[in-house]
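The values are calculated or read from the model by the stated rules, or taken from the named source; none is laboratory data. All values reported here derive from a predicted model rather than from experimental measurement. Quick reminder, even Gly has a Cβ in these numbers, built from the backbone with ideal geometry, and neighbours come from all protein chains shown.
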Amino acid sequence: MYIVGLIISLAIGIVLGLVGGGGSILTVPLVHHVFGESMLIATTYSLFVVAVSASFGSIQRIKSKEVDFQKAVVFVLPSMLTAVAVRLWIIPLIPVEFTLFGATTSRASIITILLIAVMTYIGLRTLFYNKPPRPDKVSSSTIVVFGILTGLLSGFIGAGGGFIIVPILLGMGLDMKKAVATSMFIIAIQSSIALIGDFFNPEILEIGINWSLLLSITGVTVLGVFLGNVFQKKVSTLWLKKAFSILLLLVAAGLLWKL
């Protein structure tokens with residue numbers, strides 16, 4: 001299963017490189033169901049993979065002067081503060097198992113439900129929404145609200161949140177190329193800061209992180225990102241997005257079946 005997991009990690013990286021985002025959300029079910037780690041540790045691994053992958057992607061885009069730092073700061077401040085607050089204070093308050101409305105549930109189930117909801121949203125939106133994004137005026141309060149929402153997603157399920165960030169940046173007047181580059185920079189900062197909370201979480205410290213496994217997954221995913229960038233010019237982006245959306249919906253259905 002270890003080799004199978006690394007092959008899937010490579011595929012996730014290739015999806016990231018080809019589609020430009022979203023594939024990292026598959027890291028959580030991969031780590032949990034294939035490598036057998038707990039759901040909480042799986043979100044930590046996902047945050048790490050997202051942080052490293054986005055950082056590698058940001059470096060090239062910073063050199064190309066595609067990142068708008070001024071707009072990035074406006075979004076990343078509420079996002080990263082929310083993400084680290086969730087990892088540092090909120091998650092430790094949620095019991096591993098608890099009773100809700102008379103039924104026994106678990107923290108892992110809550111994270112899984114959030115994953116299913118986000119995967120379904122991204123999958124359906126990518127599959128059926130084909131209108132090109134149009135710049136529109138975005139208020140400061142809207143930026144803060146969506147920054148907090150992105151931070152919540154990053155904190156709870158380890159997702160980058162590019163599907164939220166990019167449309168907001170487009171509304172702030174950036175073109176698609178700069179919006180994607182700036183989004184990647186925001187995700188790199190947000191995920192890295194969120195990870196700080198995990199280093200102070202007694203449960204995570206007690207379980208421990210399998211650094212050999214984590215670095216293997218991360219390295220293979222980053223390799224996949226580079227391969228995806230190479231293949232991007234040879235494959236239809238529209239077809240890829242449709243295939244990726246179907247994959248997300250299938251994984252979401254599989255997670256729902258296992259609940």
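Below, the figures for the structure above:
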item	result
Subset of the range 65-110 (residues that are assigned to a loop (DSSP other than H, G, I, E, B) and touching a strand residue (DSSP E or B) at 6+ places or on another chain (Cβ under 8 Å))	V96
Qualifying residues in the range 204-225 (those that are in a helix (DSSP H, G or I) and over 18 Å from the mean Cα position of the chain (by Cα)) - the one farthest from I14 (Cα to Cα)	E206
Restricting the range 62-74 to residues that are surrounded by fewer than 19 Cβ atoms within 10 Å (Cβ to Cβ) and among the basic types (K, R), the residue that is nearest to P167 (Cα to Cα)	K65
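Okay, residues lined up against (1) at pLDDT below 85; (2) under 14 Å from the mean Cα position of the chain (by Cα); (3) not hydrophobic (A, V, I, L, M, F, W, C):
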| position | (1), (2), (3) |
| --- | --- |
| I111 | no, yes, no |
| P132 | yes, no, yes |
| V144 | no, no, no |
| M176 | yes, no, no |
